[in-house]
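The values are calculated or read from the model by the stated rules, or taken from the named source; none is laboratory data. From a predicted model like this one, the values you see are computed outputs, not experimental measurements. All Cβ positions, glycine included, derive from the backbone under ideal geometry; neighbour counts span all protein chains shown.
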Amino acid sequence: MNLEQKLRDTLRHAADDVGTAHPAAGVRSAGMRALVRRRSRRRATVLGAGLAVLLVGVGIPTGTSLFSSSDNSPAGPQQSPAPIPESTAEPTPSVGIFDGPARGSLAGDADFLEAIRELPWEILEPIPSTSSQPAPPRESRRVVFAGDVPEGRWALVVADYSGPLVTEEPTEPADSTSGSSVPPGGETPDPSERTRTPLSAVWYAGGAQATADQMELVRGSVISSDLPESIYDPTTGALVVVAAPGDLIEVSQRPRLGSDGTVSRAFADVASDAGVASTSVEPQPFGRVRNAVQVRVSRAGVVLEERSPSSIFARDAPEAPAVGFEVLRPSSGRLGADERTRAQDLAAEILGSYGLRPAETAIQVSYSGPIGSLISAPADLVVVTVTFPSGAVVSRAQWFDPFSGTNASCGAPDGDISPARESSEPASLAFICSVDIQSFESNLIVLAPAPYFGGYAVAEGGSAGAGTIPVGLDDEGVGMLAFHGTVRTVAVYSASSGAVVDRVPVFTY
């Protein structure tokens, strides 16, 4: 066999060892890039090994270069790419995530599993559900997970998806090109994911040592057959992640908000058995409002899924505790019942999103009252700020129609972030609040702290008119102006000296 044939054979075997260049469905774009880097390194390694064998076999003299002599770059040490997470066991792509025998600490209890398959499938309020599903035939149901979790016992059952339960006459013909129907309250399927097989899935939960007939249906949804499933109880901290055997499962308790206003996360490996991680994280008293936990599942260095798990809660689970706060405006510090509820809801959403407790933060109601610049219809505004341990501040603002109950966010729906200030002086707030009741009205809202009461503000860096129209600040530091242009920052001026005393960005939707 000549040298050329040996090289061809070596490279062909190397390619076979590396495997297919096309990952299974469900691999995200970020994972695709990681996979390309990983396989490039593997191919380079195998190619180098193959060439080394050939060089030894045919006796090429030491020092002979296989590259063009025009490449005069020094052969110094090369910096290796950042490592990609590897699973601790070989993945098994031939086995689907929800195929095979049941997993979990109760997987060996055949009587319990059979009884779980016989449980009711109907979704009852107030249980969270992304679909209203008909009960699938019992013979198509399969128990994927059954096991004990902290303070309880859970089970996951899946079946072939047979479509939503129709409770009223459809008003439009079904779209035959969609690939599957959209469950009431569910999301429209992503066209790029139509090749995936949808499954009906329900979770059952019970107390510690619960028998099958003591288990209650706590969540129902339509899931993808090739993406992991995870569920979390914020009351107890119990968390279960169902993936494929060999997948790497990582959990992040909550995001971190740095003093510079950047949000980051740290993920930690969790032990898994046959692709299932049953663990616990810190309970989150506001997890029913927002869930701070995130799960990341990787296979062969490719991130399949990174998202928050679904939240469940028992029917008798305690409500989130009331949130205490300081009221800056109105200056009386008194809020009506509706105003207090709105402020508490906004604060709870921020705390839940970041997995914090009130004692770890400083919470203020920066404003609660009417939007005085409106013309067509009245609306109320509530602005809540939460100062984090790092000193950074998250602000949430919402307007409310006092008659219809309609409401919407001013600024970012998930809150606007301000970095920690170097000075001890409190910061001003500025944002665009667009109200749509009888007509669309856009308003510039400025809230200045006590030292700047009675001054004025000027919008800067925007469209025509910005930088020339002052916004007067009343004796509580509030300025409101009907404003339909664009603006980047607001400068706050002292009433006595006329000098700029604060400059802040304008938050917009």
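Residues that are free of Cβ contacts under 8 Å to residues at least 40 places away in the same chain, assigned to a loop (DSSP other than H, G, I, E, B), at positive phi and not basic (Lys, Arg): does the stretch 345-364 have at least one? No - not one qualifying residue is present in the stretch 345-364.
Taken as a whole, the condition of being closer than 24 Å to Val394 by Cβ, small (Gly, Ala, Ser) and modelled with pLDDT under 95 does not apply to Ser439.
Just one of (1) over 30 Å from Ala450 (Cα atoms); (2) assigned to a loop (DSSP other than H, G, I, E, B); (3) in contact with a Leu (Cβ under 8 Å, 6 or more places away or on another chain) fails for Arg329. It is (1). Among the criteria (1) under 24 Å from Ser331 (Cβ atoms); (2) within 28 Å of the chain's Cα centre (by Cα); (3) surrounded by fewer than 20 Cβ atoms within 10 Å (Cβ to Cβ), the one Phe507 does not fulfil is (3). Scanning the stretch 279-307 for residues that are at pLDDT 95 or above, among the small types (Gly, Ala, Ser) and part of a loop (DSSP other than H, G, I, E, B) turns up just one, Ala292. Within the stretch 213-246, the set of residues being among the β-branched types (Val, Ile, Thr) and within 11 Å of Trp154 (Cα to Cα) comprises Val218, Ile231, Val240. For the stretch 346-363, a residue qualifies if it is over 29 Å from Met480 (Cα atoms) and either outside the structural domain of Val382 (by TED's automatic domain parsing) or not acidic (Asp, Glu) (or both), and the qualifying residues are Gly352, Ser353, Tyr354, Gly355, Leu356, Arg357, Pro358, Ala359.
Screening Glu250 on (1) part of a strand (DSSP E or B); (2) closer than 30 Å to Ser162 by Cα shows it passes everything except condition (2).
Might you check whether a residue that is touching a Cys at 6+ places or on another chain (Cβ under 8 Å), at pLDDT 95 or above and in the same structural domain as Ala379 (by TED's automatic domain parsing) occurs anywhere in the stretch 445-459? Yes. If I filter the stretch 137-166 down to residues being modelled with pLDDT of 85 or more and outside any strand (DSSP E or B), which single residue comes out as nearest to Gly104 (Cα to Cα)? Taking the candidates together, the pick is Pro150.
The sole residue among Ser395, Ser404, Ser368 that is at negative phi, modelled with pLDDT under 90 and hydroxyl-bearing (Ser, Thr, Tyr) is Ser404.
Scan the stretch 169-184 and give yes if some residue there is at pLDDT below 90, within 24 Å of Glu118 (Cα to Cα) and either assigned by TED's automatic domain parsing to the domain that holds Ala115 or surrounded by fewer than 13 Cβ atoms within 10 Å (Cβ to Cβ) (or both), otherwise no. Give the derivation first.
Going residue by residue through the stretch 169-184, those that are at pLDDT below 90 are 169-184.
In the following step, the residues that additionally are within 24 Å of Glu118 (Cα to Cα) were identified as 183.
Pick out the ones that are also either assigned by TED's automatic domain parsing to the domain that holds Ala115 or surrounded by fewer than 13 Cβ atoms within 10 Å (Cβ to Cβ) (or both) and you get none.
No, the stretch 169-184 contains no residue that is at pLDDT below 90, within 24 Å of Glu118 (Cα to Cα) and either assigned by TED's automatic domain parsing to the domain that holds Ala115 or surrounded by fewer than 13 Cβ atoms within 10 Å (Cβ to Cβ) (or both).
Would you confirm whether any residue within the stretch 186-193 is within 25 Å of Tyr354 (Cβ to Cβ) and either outside the structural domain of Glu305 (by TED's automatic domain parsing) or at pLDDT 90 or above (or both)? Yes, the stretch 186-193 has at least one match.
Here are Asp247, Asp269: which of them is modelled with pLDDT of 95 or more, buried (at least 20 other Cβ atoms within 10 Å of the Cβ), over 29 Å from Ala322 (Cα atoms) and of a type outside the set (Gly, Ala, Ser)?
Asp247
Given the condition among the polar types (S, T, N, Q) and assigned by TED's automatic domain parsing to the domain that holds Val241, answer yes or no: does some residue in the stretch 364-373 qualify? No. For Ala82, the conditions (1) modelled with pLDDT of 55 or more; (2) more than 19 Å from Leu227 (Cβ to Cβ); (3) within 30 Å of the chain's Cα centre (by Cα) are fulfilled apart from (1).
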